[in-house]
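Right, one structure below, let's go through it.
The values are calculated or read from the model by the stated rules, or taken from the named source; none is laboratory data. Quick caveat: nothing in here was measured; it's all calculated off a predicted structure. Here the Cβ positions follow ideal geometry from the backbone for every residue, glycine too, while neighbour counts run over all protein chains shown. Protein only, heavy atoms only, side chains kept; ligands, DNA and RNA dropped before computing areas. Shrake-Rupley method; radii C 1.70, N 1.55, O 1.52, S 1.80 Å.
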Amino acid sequence: QVQLVESGGGLVQPGGSLRLSCAASGIIFSSYHMGWYRQAPGKQRELVATISNNGRPNYADSVKGRFTISRDNAENTVYLQMNTLKPEDTAVYYCNAERYGLGHWGQGTQVTVSS
């Protein structure tokens, strides 16, 4: 059974930082492409960042230079370091694991950026 469990969300002021974690189980983690997506109220889910199974990152233009995705294959965990957060980053953040076109999702963690 595949499980992706996100953690690290919360309330932060504009300009602040958060680090999200996603712990995976039930998959051969090192063989999966991992990603973070987000969904704001009334909007569609959108890609934030992905990291391939060989460690190559990719970012949405809106987060380039502010967010960093990384993975620890020994810990079966993917991270999203978020710096210089803006109110428009407020959303539920979801972890995704994908291989051969099949994806798995976590339950999401809320990130709220507000003063």
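Accessible area per residue of the chain at 1.4 Å probe, in Å²?
I get 53 Å² per residue for the chain.
Between residue 44 and residue 1, 0.36 nm times their residue separation minus their Cα-Cα distance comes to what?
Difference between extended and current length: 12.8 nm.
Check each of the GluC sites (Glu not before Pro) in segment 20-115 and keep only those in coil by DSSP with at most 13 other C-beta atoms within 10 angstrom; list them in order.
Passing sites in segment 20-115 are 75.
Mind jotting down the three principal axis lengths of segment 1-99 based on Cα atoms? Whole angstrom, largest first.
36, 25, 21
Which stretch or stretches of segment 16-44 have amide N atoms under 15 Å from the point lying 7 Å from residue 112's Cα along the Cα→Cβ direction?
Residues 40-41 qualify, since their backbone N sits under 15 Å from the label point.
State the percentage of accessible surface on segment 21-96 attributable to carbon and sulfur atoms; use a 1.4 Å probe and exclude ligands, DNA and RNA. Display every interim value, and only then the final one.
Numbers: 1700 of 3730 Å².
The computed percentage sits at 46.
May I ask you to evaluate 6.51 cos²θ - 1.76 cosθ + 1.60, the Karplus curve with θ = phi - 60°, for each residue of segment 72-82 and list the ³J(HN,Hα) values in order in whole Hz, giving x for glycine and proline?
10, 5, 5, 9, 6, 9, 10, 10, 9, 8, 10
For segment 1-48, go through all pairs of different Cα atoms, get the mean of 1/r, take its inverse, and jot down that Kirkwood value in Å.
Final number for the Kirkwood radius of segment 1-48 is 13.0 Å.
Which stretch or stretches of segment 87-102 have amide N atoms under 16 Å from the point lying 7 Å from residue 28's Cα along the Cα→Cβ direction?
Zone members listed by number: 98-102.
Would you be so kind as to identify which of 62, 105, 76 lies farthest towards the positive end of the dipole of segment 5-115, taking Lys and Arg as +1 and Asp and Glu as -1 on Cβ and the Cα centre as origin?
62
Under the definition of Cα pairs under 8 Å and six or more residues apart, what whole-number percent is the relative contact order of the chain?
That works out to 36 percent.
Would you kindly derive the ³J(HN,Hα) couplings of segment 83-97 from the backbone phi angles with the Karplus curve 6.51 cos²θ - 1.76 cosθ + 1.60 (θ = phi - 60°), listing them in order in whole Hz, with x for Gly and Pro?
Per-residue couplings from phi come out as 10, 6, 5, 10, x, 6, 7, 4, 4, 8, 9, 10, 8, 9, 10 Hz.
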